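Scroll down for the structure; my scribbles are underneath it.
The values are calculated or read from the model by the stated rules, or taken from the named source; none is laboratory data. As the structure is a computational prediction, the values presented were derived from the model and not from experiment. In this analysis, Cβ positions are derived from the backbone assuming ideal geometry, glycine residues included, and neighbour counts consider all displayed protein chains.
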Amino acid sequence: MSVYNFSAGPAVMPKPVIEQIQRELPSLNNSGMSILEISHRSQQFEQIMADAVANIKDLMAIPDDYHVLFLQGGGTGQFAAAPLNLATKHRSIALLDSGHWAAKAGAEAKKLRFHVTTLATTESGKYRELPRLNQTIPANSFDYLHVTINNTIEGTAYHEVPESNIPIVGDMSSNFLGERYDVKDFGMIFAGAQKNLGPAGVTIVIIKDELMHHVDGIPSIFDYQLNADKNSMLNTPPVFAIYASGLVLKWLKEQGGVDEMEKRNRAKSSKFYDYLDQSHLFNCPAFKDDRSLTNIVFSTTHDKLDQAFVEEATNAGLLNLKGHRSVGGLRASLYNAMPMAGVDALIDFLYQFEKDHK
Ligand code: PMP
């Protein structure tokens, strides 16, 4: 049975990439060795890494004064690594509290004894809209502003990067390469690969050179400057995850790059939101202007009915539509690799479900 996988992550990858991995798995480029077996010091892997870096730079039009790093530890690792590397002057960071993952980032920095100041929050409205800065950030107070660009659980996204007079660290875990942003607006961007890029195991960090410096007393594995000095091979990198992400990057370029992905993601998500907005059964809590292009949160507002929906959808091959355990409800993730046909199949199913449950 053909299925559509709406998981928030690890998530759907492009079919041609999965097929290429399958073809190449026993022997990479006729080497007689699998990607699972080759050394990260081999010429083959060095090329894979160099291509992946070059393709990210190209796809995102990254200026020359930024580095692209492949690290481990996921987005959660960056919640610690970012303050350890960047909050060295004031030991103090500012935060826009836009949801679960922003709060987690703040909590991790606090745990490491950094000061964390929430400049705006929409928690009292259940994060249905984004918090916005309505003041100039006091000068010489914070090392950076942490912003979760796409809120995977609440289904919201900053389509415009907040104006900030201090460097922004942007968590793009769930819309990396799915929407056009100007890298110059950020001091740093990070993203776990396992949502909109590739398999779990690699985390991308894009950082402005002037923010990077050697920091005493932090774990080497999290030291951006050390990792940059060693071309992301300070230790054994996640070879397979980088290889597979590299194939997705090539696929992305063939498809027309980030602008084309954004166009498709806008088309897919608007179709879905349009359905939700006219439905008498399902609704979408996220405020219109703030809605994510990649993670669509919705619900019947009745737990039992939501549960029945997930079960029936699963039987119909529409998988992983349950909302995050912290908020319940339903969620469809429409990442770059989700074709319009998957969205159409889901909308048809929603119509039918609504008819059946009048
Ligand atoms: N930030 C965001 C926006 C996320 O969606 C997630 C994962 N769902 C994380 C951070 C945490 O990422 P990881 O699981 O890679 O640590």
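Brief remarks follow.
- Subset of the stretch 38-57 (residues that are assigned to a loop (DSSP other than H, G, I, E, B) and loosely packed, with under 13 Cβ neighbours inside 10 Å): 39, 41
- Test for residue 25: is it over 30 Å from residue 141 (Cβ atoms), touching a Lys or Arg at 6+ places or on another chain (Cβ under 7 Å) and either among the β-branched types (Val, Ile, Thr) or surrounded by fewer than 19 Cβ atoms within 10 Å (Cβ to Cβ) (or both): no
- Filter result for the condition that a residue is surrounded by fewer than 16 Cβ atoms within 10 Å (Cβ to Cβ) and either on the phi > 0 side of the Ramachandran plot or away from the ligand (no atom under 16 Å from the Cβ) (or both), over 60, 33: 33
- Condition check for residue 259 on (1) of a type outside the set (Val, Ile, Thr); (2) outside any helix (DSSP H, G or I); (3) more than 30 Å from residue 34 (Cβ to Cβ): one failure, at (2).
- Condition check for residue 210: of a type outside the set (Ser, Thr, Tyr), part of a loop (DSSP other than H, G, I, E, B), out of contact with any Phe, Trp or Tyr (no Cβ under 6 Å at 6 or more places or on another chain) and away from the ligand (no atom under 15 Å from the Cβ): no
- Filtering 96, 119, 130 for residues that are away from the ligand (no atom under 16 Å from the Cβ), out of contact with any Gly (no Cβ under 8 Å at 6 or more places or on another chain) and modelled with pLDDT of 95 or more leaves a single hit, 119.
- Pairs meeting the criteria (first residue in the stretch 264-288 and among the charged types (D, E, K, R), second residue surrounded by fewer than 13 Cβ atoms within 10 Å (Cβ to Cβ), beta carbons under 8 Å, at least 6 apart or on different chains) are 264/340; 268/340; 271/340.
- Within the stretch 136-149, the residues that satisfy the criterion of being in contact with a helix residue (DSSP H, G or I) (Cβ under 9 Å, 6 or more places away or on another chain) and either within 14 Å of the ligand (Cβ to nearest atom) or not in a strand (DSSP E or B) (or both) are 143, 146, 147, 148.
- Some residue of the stretch 106-114 being under 21 Å from the mean Cα position of the chain (by Cα), surrounded by fewer than 24 Cβ atoms within 10 Å (Cβ to Cβ) and away from the ligand (no atom under 16 Å from the Cβ): no
- Residue match in the stretch 72-79 (condition: in contact with a helix residue (DSSP H, G or I) (Cβ under 6 Å, 6 or more places away or on another chain), assigned to a helix (DSSP H, G or I), at pLDDT 95 or above and within 15 Å of the ligand (Cβ to nearest atom)): yes
- Residue satisfying condition, being within 22 Å of residue 332 (Cβ to Cβ) and either in contact (Cβ under 8 Å) with a residue 12 or more places away in the chain or touching a helix residue (DSSP H, G or I) at 6+ places or on another chain (Cβ under 9 Å) (or both), within set 133, 177, 112, 119: 177
- Flag for residue 354 being without any contact (Cβ under 8 Å) to a residue 12 or more places away in the chain and surrounded by fewer than 22 Cβ atoms within 10 Å (Cβ to Cβ): no
- Count of the stretch 1-15 residues, restricted to those that are surrounded by 14 or more Cβ atoms within 10 Å (Cβ to Cβ) and over 21 Å from residue 322 (Cβ atoms), is 1.
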